[in-house]
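Student: Following this message is one structure expressed as structure tokens.
The values are calculated or read from the model by the stated rules, or taken from the named source; none is laboratory data. Owing to the predicted nature of the structure, the values given are computational and were not obtained by experimental measurement. So basically every Cβ, Gly included, is an ideal-geometry build from the backbone, and we count neighbours across all protein chains shown.
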Amino acid sequence: MSIKIENAVVEYAARRILNGIELEIEAGEFVSIVGETGCGKSTLLRLILAEERPTEGRVLVQERERSRPDRTCGYVPQRYSLFPDKTVLENVMFGLGWRKRREFREEALRYLRHTGLQESDAKKYPHQLSGGMQQRVAIAQALIMKPPVLLMDEAFSALDPGTRRGMQRLMKNLWRESGTTVVFVTHNTREAVCLGTRVIALAKGEHGASVALDLEVPHLDFDSDEEELARLIARVEAASVKAEWPLAHDDDASPVRTHTRV
């Protein structure tokens, strides 16, 4: 088990944001998390990252309770996390430490090429890159640390539609090649369904958000049958606006296994 969240509750000033979250994520899964604005998606990601601690319950990564951010979890935020005064190559190697930077220069260049950038881009500064290129650098920056878990918070939301589609396909290919456990927060339900092997919908309730729906979707891709995609997207979107959801049973012979929590 890569990630385990046990009855996690988060409260801010007596206002409950997350209410009794129970999740288990196996190593190598690509888990998409969706839900309405303000339902606690990013809060849940910060619990795994250990930028926040739960008010109640606990969060474990690789069987160790989270207490502070470390190299176990890589992180790609919505806004590019690049240092403006450093070159692309320096940004990618920043987390390696001074001693290892010269040693890992070739590996850093390989990661840049792997994310679709050219070796000539290595000497550029962030302001010389497009938004999509900057996000590719941010992904290379996270992956070079070889984290067992990669957390992505609305990582493609600031990109134009064409660039976003390219980044979606790139990310799925990188995940398949690396075997990294990915937890991906997004507002885009289609993106969630096409990228994830599993989609988790959070829904607000009177006492905070909880898991409303948990779907395994191992066979889907961007070129999957549109009718099937539309059906699953509608199901996820319906769940994300319900505060309570009865235990689901698939009676339609669907290949998608579904389980929900009240």
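Student: Please go through the range 131-165 and give me each residue that is more than 26 Å from residue 189 (Cβ to Cβ) and either polar (S, T, N, Q) or touching a Lys or Arg at 6+ places or on another chain (Cβ under 8 Å) (or both), ordered by number.
Tutor: Of everything in the range 131-165, those that are more than 26 Å from residue 189 (Cβ to Cβ) and either polar (S, T, N, Q) or touching a Lys or Arg at 6+ places or on another chain (Cβ under 8 Å) (or both) turn out to be 141, 145, 147.
Student: Given the criteria more than 15 Å from the chain's Cα centre (by Cα) and modelled with pLDDT of 85 or more, does residue 137 qualify?
Tutor: Details: more than 15 Å from the chain's Cα centre (by Cα): yes; modelled with pLDDT of 85 or more: yes.
Yes.
Student: Among the residues of the range 125-164, which ones are without any contact (Cβ under 8 Å) to a residue 24 or more places away in the chain and among the aliphatic types (A, V, I, L, M)?
Tutor: Matches in the range 125-164: 133 only.
Student: Hey, which of the helices (runs of 4 or more DSSP H) in the range 100-188, taking only ones fully inside, have at least 3 residues that are within 14 Å of residue 87 (Cα to Cα)?
Tutor: 105-114, 131-143
Student: Only one of (1) of a type in the set (Phe, Trp, Tyr); (2) in the same structural domain as residue 28 (by TED's automatic domain parsing); (3) modelled with pLDDT under 90 fails for residue 175. Which number is that?
Tutor: Here residue 175 clears every test but (3).
Student: Just to verify a result, which residue in the range 49-65, among those that are in contact with a Leu (Cβ under 7 Å, 6 or more places away or on another chain) and not in a strand (DSSP E or B), is surrounded by the most Cβ atoms within 10 Å (Cβ to Cβ)? Explain how you work it out, then say what you get.
Tutor: Step one: list which residues in the range 49-65 are in contact with a Leu (Cβ under 7 Å, 6 or more places away or on another chain), which gives 49, 54, 59.
When the remaining residues are screened for being not in a strand (DSSP E or B), the result is 49, 54.
Values: 49: 23, 54: 20.
This residue is 49.
Student: Which of the numbered conditions does residue 158 fail, given that it passes all the others? Conditions: (1) surrounded by 14 or more Cβ atoms within 10 Å (Cβ to Cβ); (2) out of contact with any Leu (no Cβ under 7 Å at 6 or more places or on another chain); (3) over 30 Å from residue 5 (Cβ atoms).
Tutor: In the conditions (1) surrounded by 14 or more Cβ atoms within 10 Å (Cβ to Cβ); (2) out of contact with any Leu (no Cβ under 7 Å at 6 or more places or on another chain); (3) over 30 Å from residue 5 (Cβ atoms), residue 158 misses (3) alone.
Student: Select, from 14, 8, 27, the only residue that is under 24 Å from residue 211 (Cα atoms) and free of Cβ contacts under 8 Å to residues at least 24 places away in the same chain. Write out each step before concluding.
Tutor: Values: 8 fails: free of Cβ contacts under 8 Å to residues at least 24 places away in the same chain; 27 fails: free of Cβ contacts under 8 Å to residues at least 24 places away in the same chain.
Being under 24 Å from residue 211 (Cα atoms) and free of Cβ contacts under 8 Å to residues at least 24 places away in the same chain holds for just one of 14, 8, 27, which is 14.
Student: Is it the case, given these coordinates, that residue 152 is surrounded by 17 or more Cβ atoms within 10 Å (Cβ to Cβ) and not polar (S, T, N, Q)? Full working, then the answer.
Tutor: On the way: surrounded by 17 or more Cβ atoms within 10 Å (Cβ to Cβ): yes; not polar (S, T, N, Q): yes.
For residue 152, the condition - surrounded by 17 or more Cβ atoms within 10 Å (Cβ to Cβ) and not polar (S, T, N, Q) - is met.
Student: Still on this structure, I have one more. Name the single residue, out of those in the range 204-262 being modelled with pLDDT of 50 or more, acidic (Asp, Glu) and not in a strand (DSSP E or B), that is farthest from residue 162 (Cα to Cα).
Tutor: Among those that are modelled with pLDDT of 50 or more, acidic (Asp, Glu) and not in a strand (DSSP E or B), it is 206.
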